[in-house]
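Trainee: Structure provided below as structure tokens; questions to follow.
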Amino acid sequence: ACCPGNIARFIASVPGYVYAGKGRDVYVNLYAAGKGELKVSDNTVTITQKTRYPWEGDVAMTVDPSSECKFALKVRIPGWAQNTPVPSDLYKYMNESSEKPTLKLNGKPVALAVDKGYVTLDRTWKKGDTIELNLPMPIRRVTANEEVEADRGRVAVERGPMVFCAEWPDNNGKTHGLILPDDTRLTSILVKDMLGGIVVIKGCANAGMSSGEDT
């Protein structure tokens, strides 16, 4: 009985998760195609995002203040894009990625000086100013701290902000006991006719020590 009500509340609160404002600071916390408006002093600032996030890491933003206005726009760089799945040693990536996020302001590269998870662009903003953020999305294997006994020898598969699962219908009904060798090559594929277009991950894994079947 609680779920329908929680879904309704969550959907209504999504804009507050995507953007936030405090004084003369504007925060872009999450990436989703759409438009948001915030008040900064006496100005209304409209931010428009064009992106296929979370399936792709390219985010194009247009900043349109109602009039020229000086404020600090803080663009979030997620932990997964900085080789840190969580802000502790509970989880880690098996291998660090050499691919780094990039940021451009009006077509010019900006140095990624990340402070508390954000890059700050403090300037006088004009209508039509643009930001281009690229977050590389290699496929990563995530392992838990060795002190977590139940997770020893196990990995999660992650790409960008998404953690993937092996579903029965995709694997001939065999998902228990999958063995994924460390050197197995995993590839991402865009499936356009599934749920409006999603990315799936494919690779070869042993379906179980006893069966010897591949999936």
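The values are calculated or read from the model by the stated rules, or taken from the named source; none is laboratory data. Just so we're clear, the structure is a prediction, and the values are computed from it rather than from any experiment. Here the Cβ is made from the backbone with ideal geometry for all residues, glycine too, and neighbour counts use every protein chain on show. With ligands, DNA and RNA removed, areas are computed over all heavy atoms of the protein, side chains included. Shrake-Rupley method; radii C 1.70, N 1.55, O 1.52, S 1.80 Å.
Trainee: Mind jotting down a quarter of the surface of the convex hull over the alpha carbons of segment 92-157, in square nanometres, one decimal?
Mentor: 6.6
Trainee: Treating only the Cβ atoms of Lys and Arg (+1) and Asp and Glu (-1) as charged, compute the dipole magnitude of the chain about its Cα centre; round to the nearest 20 debye.
Mentor: 860
Trainee: Here's something else I'd like to know. For helix 2-18, report the angle its Cα long axis makes with the longest principal axis of the Cα atoms of the chain; keep it between 0 and 90° and round to the nearest 10°.
Mentor: 50
Trainee: Heavy-atom accessible area of residue 91 with all protein chains present, probe 1.4 Å, nearest 10 Å²?
Mentor: 90
Trainee: How would you order 40-48, 155-163, 4-12 from highest to lowest mean count of nearby Cβ atoms within 10 Å?
Mentor: 155-163, 40-48, 4-12
Trainee: Can you give the local net charge around residue 164? Use residues other than it whose beta-carbon is closer than 12 angstrom to its beta-carbon, Lys and Arg +1, Asp and Glu -1.
Mentor: After counting each charged neighbour, the total is +1.
Trainee: May I ask you to evaluate 6.51 cos²θ - 1.76 cosθ + 1.60, the Karplus curve with θ = phi - 60°, for each residue of segment 51-65 and list the ³J(HN,Hα) values in order in whole Hz, giving x for glycine and proline?
Mentor: 6, 10, 4, x, 7, 10, x, 8, 10, 10, 10, 10, 9, 10, x
Trainee: I'd like the projected area of segment 1-68, averaged over all directions, using the convex hull of its alpha carbons. Report it in nm² with one decimal.
Mentor: Dividing the Cα hull surface by four gives the mean projection, 5.7 nm².
Trainee: Another one. Checking the table 50/70; 50/116; 50/192; 22/70; 35/126; 22/50 against a 22 Å threshold on Cα-Cα, which pairs fail?
Mentor: 50/70; 50/116; 22/50
Trainee: Going through segment 81-116, which trypsin sites (Lys or Arg not before Pro) have at most 12 other Cβ atoms within 10 Å and a DSSP loop state?
Mentor: 116
Trainee: Report, ordered by chain and residue number, the aspartates and glutamates lying within cross-link reach of residue 74, taken as a straight Cα distance under 16 Å and ignoring same-chain residues fewer than 8 apart.
Mentor: Straight-line reach from residue 74, under 16 Å: 25, 37, 64, 115, 122, 129, 132.
Trainee: Let me ask something else about it. What does segment 45-163 give for Rg and for Dmax, in Å, if only its C-alpha atoms count?
Mentor: Both quantities, over Cα of segment 45-163: 17.1, 57 Å.
Trainee: Net charge within 12 Å of residue 101 by Cβ-Cβ distance, Lys/Arg positive one each and Asp/Glu negative one each, not counting residue 101 itself?
Mentor: Here the charged neighbours net out to 0.
Trainee: Carbon and sulfur atoms: what percent of the 1.4 Å accessible area of the chain do they account for?
Mentor: Carbon and sulfur atoms account for 53 percent of the accessible area of the chain.
Trainee: Follow-up. So what is the relative contact order of the chain, in percent, for Cα pairs below 8 Å that sit 6 or more residues apart?
Mentor: Value for the chain: 14 percent.
Trainee: Could you tell me how far the Cα centroid of segment 72-103 sits from the Cα centroid of segment 1-28, in Å?
Mentor: 23
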